[in-house]
Structures are given as C-alpha cells and as structure tokens.
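Heads up: the structure comes next, in structure tokens.
The values are calculated or read from the model by the stated rules, or taken from the named source; none is laboratory data. Owing to the predicted nature of the structure, the values given are computational and were not obtained by experimental measurement. Here the Cβ positions follow ideal geometry from the backbone for every residue, glycine too, while neighbour counts run over all protein chains shown.
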Amino acid sequence: MATIKDFLSRIKRIEGVAGCLLTKRDGSMLGHIINDNEKLPPLLVICSNYALDIMVKTGFAHCQSISFYRQSGHNFHIFLFQQYYLGVIQTPDCPLKEMLAKIHHLLSLVKSDSKDSNVTGSADGRNQAGL
C-alpha cells in the first residue's frame with residue numbers, strides 16, 4: 001500500500017502536472033503538492049457536487065473530470081473517483097490529452113477496499129492509498 005504522499009507524488013511526476021491535491025468528498029484535505037492549498041478544496045467540493053447532481057438529474061452514469069481553463073495556461077482539472085476528489089493544476093503548453101489520459105490510467109489502478117474506498121488507515125495511523 002502506498003501512502004497518500006506517494007500517490008500524489010506519482011500524479012505530480014506526470015508530464016504537465018504543476019501540482020495536485022486530494023480531498024474527501026466533504027472537502028477534508030488528505031494531502032497536497034501545491035502552494036494554494038487553502039483556496040482549492042472548496043472549489044473541488046462545490047464543483048464536484050454540482051457535477052454529480054447534474055449527472056444524476058440528466059441520467060448520465062459517470063463524470064470523468066471537470067476542467068477550468070485559465071488564460072495563464074495553469075488550468076485546473078478535477079477528477080472524481082470513489083469517495084475522493086483529485087485536483088490537478090496543469091503546466092502551460094503541456095500535451096493536455098496525454099496528461100489527462102495518464103491521470104485517468106493511474107486512477108484506474110487505485111484499488112478499493114471493502115468499503116469502496118482507496119484511502120485506509122494503517123497500523124501506525126497514517127492514511128494510505130491502495131495503489
């Protein structure tokens with residue numbers, strides 16, 4: 001089992017990722033590799049909850065990600081998976097399609113425990129992501 005820090009480090013190593021953060025669906029911060037870590041968790045929760053609500057009301061079965069584009073090129077992407085939200089800040093002029101594909105692939109490798117969760121507590125009290 002890899003820790004949340006290990007998981008976020010793997011995301012950060014993907015070409016085009018400037019930073020990332022992981023929250024629970026209630027907005028509780030689990031970990032981050034960004035400077036603006038106080039502003040982004042509420043954005044993750046509000047946008048994701050609205051997206052999930054729209055998805056249910058319109059009959060869609062899945063939402064892979066939500067993207068916000070900035071003039072600076074430091075776009076922000078939100079990935080909904082299991083009981084968590086992953087926020088990713090993009091570097092300008094990166095190969096967007098490849099970056100998103102690599103993130104989706106890495107998220108597909110995250111294993112669930114019996115509670116449909118990919119973050120569990122270890123014997124020493126640290127959170128772990130099931131990678």
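When segment 3-14 is limited to residues that are aliphatic (A, V, I, L, M) and under 23 Å from L96 (Cβ atoms), the one that is surrounded by the fewest Cβ atoms within 10 Å (Cβ to Cβ) turns out to be I14.
Tell me, which strands (runs of 3 or more DSSP E) wholly within segment 59-128 include 3 or more residues that are of a type outside the set (D, E) and modelled with pLDDT of 80 or more?
Working: elements: 65-68, 76-81, 84-90, 119-121.
Ranges flagged: 65-68, 76-81, 84-90.
Taken over segment 56-76, the criterion of being under 18 Å from the mean Cα position of the chain (by Cα) and hydrophobic (A, V, I, L, M, F, W, C) is satisfied by C63, I66, F68, F76. Do we find that V56 is of a type in the set (V, I, T), buried (at least 17 other Cβ atoms within 10 Å of the Cβ) and not in a strand (DSSP E or B) in this structure? Criteria not met by V56. Determine whether D53 is over 24 Å from S108 (Cβ atoms), modelled with pLDDT of 85 or more and either aliphatic (A, V, I, L, M) or out of contact with any Gly (no Cβ under 7 Å at 6 or more places or on another chain) (or both). It is true that D53 is over 24 Å from S108 (Cβ atoms), modelled with pLDDT of 85 or more and either aliphatic (A, V, I, L, M) or out of contact with any Gly (no Cβ under 7 Å at 6 or more places or on another chain) (or both). When segment 77-106 is limited to residues that are under 19 Å from M29 (Cα atoms) and surrounded by fewer than 20 Cβ atoms within 10 Å (Cβ to Cβ), the one that is nearest to the chain's Cα centre (by Cα) turns out to be F81.
How many residues, within segment 29-53, are in a loop (DSSP other than H, G, I, E, B) and either among the aromatic types (F, W, Y) or within 22 Å of I14 (Cβ to Cβ) (or both)?
So the first thing to find is which residues in segment 29-53 are in a loop (DSSP other than H, G, I, E, B), and the list is 34-39.
With the extra rule that they be either among the aromatic types (F, W, Y) or within 22 Å of I14 (Cβ to Cβ) (or both), the set shrinks to 34-37.
Counting residues in segment 29-53 that are in a loop (DSSP other than H, G, I, E, B) and either among the aromatic types (F, W, Y) or within 22 Å of I14 (Cβ to Cβ) (or both) gives 4.
Taking residues in segment 57-82 that are within 17 Å of I34 (Cα to Cα), and partners anywhere that are surrounded by 11 or more Cβ atoms within 10 Å (Cβ to Cβ) and of a type in the set (V, I, T), the pairs with Cβ atoms closer than 6 Å and at least 6 places apart or on different chains are H74/I89; F76/I89; H77/V88; I78/I66.
Residues in segment 15-46 that are of a type in the set (A, V, I, L, M, F, W, C), touching a helix residue (DSSP H, G or I) at 6+ places or on another chain (Cβ under 9 Å) and under 23 Å from L96 (Cα atoms): V17, A18, C20, L21, L22, I33, I34.
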